[in-house]
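Contents: one structure, followed by commentary.
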Amino acid sequence: MRYLVREKLFAIGDDYWIEDDRGHKAFLVDGKVLRLRHTFELKDSGGRVVAVVKEKAFTVRDAMKIENADGDVVATVREKLFTPFRDKYLVELAGGGELKIHGNLIDKDYRIENDHGDDLARISRKWFRVRDTYGVEVADGADAGLLLAVAACVDHLTEED
């Protein structure tokens, strides 16, 4: 499934729908404007909270945490300690393991893969002609909410750099 995501979600400050490739509203980005840290909730089309994304304050390396609806941290997207210009971020899963992010982050042409090297998502600007948007293609059976939240975190962290 492919999703259409607006770049710089955190800069918007208001609500925004992420649409699937057929133009249907799939996830609502509910921006939290009056917060000290960048925060948003990702809700499914039924209004249920899928993920809450918060920028971590006062960290040595840039990081963002992704929580579930109960407030439990499920993943942390953080900058790698020593890395070349590409493949700069990784996702630490609360249940153990990591997701790796490979590709060109600036040009929005990268993929997210699990510990076994399986692609879980591909992110690209090339699929859509809409300005300030990119596509997220999620593999069958993968957690779309988590992967969309990870893509938004990478977008925000890359923009801050």
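One residue stands out among those in region 1-18 that are surrounded by 19 or more Cβ atoms within 10 Å (Cβ to Cβ) and over 15 Å from residue 159 (Cβ atoms): the one that is modelled with the highest pLDDT, which is 3. When region 24-51 is filtered for residues that are modelled with pLDDT of 90 or more and not in a strand (DSSP E or B), the ones remaining, listed by number, are 24, 45, 46, 47, 48.
The values are calculated or read from the model by the stated rules, or taken from the named source; none is laboratory data. What you see is a predicted model, and the numbers here were worked out from it, not measured in a lab. As a convention, Cβ positions derive from the backbone with ideal geometry for all residues, glycine included, and neighbour counts pool all protein chains shown.
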